[in-house]
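The values are calculated or read from the model by the stated rules, or taken from the named source; none is laboratory data. Worth saying up front: this structure is predicted, and the values here are computed from it rather than measured. Cβ sites come from the backbone with ideal geometry, for glycine too, and all protein chains shown count toward neighbours.
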């Protein structure tokens with residue numbers, strides 16, 4: 001086990017930022033911490049890294065207790081903060097070299113690692129640029145390069161894609177998966193459920209400093225009662241038709257709002273064929289029709305009663 | 001030494017801004033120092049000045065011509081019409097400060113040995129008029145002596161005698177306590193002004209460095225590395241000290257180059273030591289300010305307020321002798337005051353016995369005390385900020 005956190009409590013006055021949070025991260029996995037803004041993800045990361053003192057709990061990394069002066073542990077950790085933390089006075093190359101140099105003393109090895117990191121994030125054409133000249137996406141990539149250049153065993157990424165364009169975001173996510181394939185264990189925090197679903201092998205959903213569910217995405221989705229969700233764009237639907245629809249088998253709920261009919265099925269059931277038959281039989285005119293499986297947002301909604309982005 | 005190198009790179013990035021300050025301050029220091037040293041030299045020399053006067057004579061005689069010639073040594077004659085209003089205007093607008101009128105019959109009465117009076121109108125409280133009074137009295141008193149003791153002396157002969165008597169001059173030599181003192185006027189003023197430029201550059205550089213170095217996100221990123229906080233701080237302090245010493249060396253080198261002839265003596269060594277102590281004190285102040293300033297935009301404003309404030313009340317721009325007692329009392333709580341006092345004492349040093357050096361050393365010790373106090377306060381603030 002790479003990280004083991006037990007009953008972590010962090011208070012800011014009367015506010016409980018982390019409420020007996022426990023988690024474990026296994027070697028080789030991409031562990032996702034998912035939660036809305038202010039749920040305690042960054043606080044948890046800061047406590048794990050000993051950047052913040054905490055009121056109660058135990059934290060172990062690589063089997064040893066994590067403390068501010070546990071320099072042997074820190075040597076194998078790479079950190080990519082939520083805010084871009086690079087020196088505006090240094091060029092792209094100098095920034096990566098500086099942060100890599102905090103971990104690697106050997107000049108030759110460092111040069112090799114820096115070059116690899118530059119290739120990895122695709123900043124080869126910008127090595128002499130100063131950070132202020134880089135776009136938001138390139139800046140985020142530089143931020144990542146600074147965190148991973150020394151090839152750490154454990155990489156912690158705290159919302160690294162905030163305010164990044166989709167193209168750069170995909171590049172970053174692909175990079176993280178590549179790092180994982182190269183052997184690094186990754187902790188990834190985000191409030192974007194799509195990102196978490198895309199790259200994480202195991203996910204913990206947290207809200208108000210508490211862990212509310214942990215597991216793979218399939219395990220999490222299996223926790224809720226909802227199955228397939230079918231959405232139909234239709235311009236007219238009478239109350240009688242809606243009532244008859246609700247009586248069909250395996251329908252958990254059907255709501256017609258803003259010329260959109262949203263039908264949720266019971267867990268494990270598919271209703272697309274039945275619904276299409278019903279629409280044909282009733283002569284309902286429709287535009288688009290599409291079906292989707294439950295998302296992590298649905299999981300969050302069912303457990304907490306609120307949307308992930310609320 | 002990653003952090004050390006980083007600090008130097010950050011400082012290097014700020015060189016253009018600091019260079020502007022260094023060049024401007026050095027040029028200003030040079031001009032001011034040169035001007036003031038000339039002024040100081042002028043204070044030790046005597047030069048007679050002539051005042052403007054109107055000489056109105058209602059008669060003409062060799063005696064009066066002789067008087068006019070004698071007065072030309074201490075006055076410039078201005079031609080004015082003999083009208084009341086014109087003469088009053090000339091006095092009011094200061095085109096003349098003295099109007100002398102010789103009444104008709106003056107020569108005849110004087111040669112007979114009678115009591116005579118000249119009429120004068122002057123600008124009130126004008127010290128230059130005293131010279132003219134003295135010259136007139138000297139001329140006429142001497143003339144009277146000849147008239148009394150040589151019977152029937154002709155005016156021409158009298159004027160000849162007076163001319164030869166009054167041309168006798170006595171040379172006067174002014175001596176200072178020590179000839180050496182004058183040599184340090186330039187260095188004294190340069191080192192005093194150096195406190196302003198040195199403090200400004202140190203605050204600018206150190207504050208810019210600290211704003212980068214103590215940026216919260218960067219500090220947290222550094223804190224995640226295997227480099228200990230102690231090592232990071234040591235490297236930072238080392239870079240700051242190097243920066244301080246280099247800045248000090250540039251400024252001192254400039255002084256020595258400009259004042260090459262008078263630089264190789266013990267006074268200069270003491271000036272250098274005093275300024276090095278002040279440089280460390282300046283580094284401490286900069287470290288404290290760096291902990292308080294939170295944005296790059298505030299750096300210039302803080303630099304100007306702190307340096308100008310400290311230098312104005314401490315005798316850098318205005319000599320200490322001209323400052324009031326209450327100002328001096330306040331100034332004694334600033335390191336610049338003790339730096340300037342130390343410089344002034346060093347400039348007057350002619351001998352280097354223990355008793356001569358002691359007052360200078362005490363000024364340096366007080367500056368060191370200030371340096372330690374500022375550093376301690378800065379450390380407390382720094383620690384508080386780190387745990388916020």
Revision key, fill the gap. Residue pairs within 8 Å by beta carbon, gap of at least six or interchain, first lying in the range B:363-378 and assigned by TED's automatic domain parsing to the domain that holds residue B:340, second outside any helix (DSSP H, G or I), listed first then second, are B:370/B:334
Review point. Only one residue in B:250, B:246 is under 30 Å from residue B:26 (Cα atoms), without any contact (Cβ under 8 Å) to a residue 60 or more places away in the chain and away from chain A (no Cβ under 14 Å). Which one?
Key: B:246
Point to revise | Matching option when the condition is in contact (Cβ under 8 Å) with a residue 40 or more places away in the chain, surrounded by 15 or more Cβ atoms within 10 Å (Cβ to Cβ), within 30 Å of residue B:285 (Cα to Cα) and away from chain A (no Cβ under 14 Å), among B:199, B:227 | key: B:199
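Among the helices (runs of 4 or more DSSP H) confined wholly to the range B:318-388, which include 2 or more residues that are under 27 Å from residue B:233 (Cβ atoms)? I'd like the intermediate steps shown before the answer.
Numbers: elements: B:325-331, B:335-348, B:354-386.
In the range B:318-388, the matching helices (runs of 4 or more DSSP H) lie at B:354-386.
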**Study point:** Unique match (being out of contact with any strand residue (DSSP E or B) (no Cβ under 7 Å at 6 or more places or on another chain) and crowded, with 19+ Cβ neighbours inside 10 Å) among A:207, A:218
**Key:** A:207
Exercise for review: State whether one or more residues within the range A:113-131 are surrounded by fewer than 20 Cβ atoms within 10 Å (Cβ to Cβ), assigned to a helix (DSSP H, G or I) and within 14 Å of chain B (Cβ to nearest Cβ).
Suggested key: yes
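From the list B:300, B:284, which one is within 23 Å of residue B:3 (Cα to Cα) and assigned by TED's automatic domain parsing to the domain that holds residue B:191?
It is B:284.
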Check your understanding: Which of the residues spanning the range A:141-170 are crowded, with 18+ Cβ neighbours inside 10 Å and farther than 15 Å from residue A:78 by Cβ?
Key -> A:159, A:161, A:164, A:168, A:169
Review point. Can you pull out the residues in the range B:342-358 that are farther than 19 Å from residue B:319 by Cα and in contact with a helix residue (DSSP H, G or I) (Cβ under 7 Å, 6 or more places away or on another chain)?
Key: B:350, B:352
**Study point:** Unmet criterion (only one of (1) touching a residue at least 24 places away in the same chain (Cβ under 8 Å); (2) touching a helix residue (DSSP H, G or I) at 6+ places or on another chain (Cβ under 7 Å)) for residue B:105
**Key:** (2)
Review point. Which fully enclosed helices (runs of 4 or more DSSP H) of the range A:1-106 have 3 or more residues being facing chain B (nearest Cβ under 9 Å)?
Key: A:71-74, A:92-101
Point to revise | Enumeration of residues in the range A:16-35 that are out of contact with any helix residue (DSSP H, G or I) (no Cβ under 8 Å at 6 or more places or on another chain) and farther than 28 Å from residue A:182 by Cβ | key: A:16, A:19, A:20, A:22
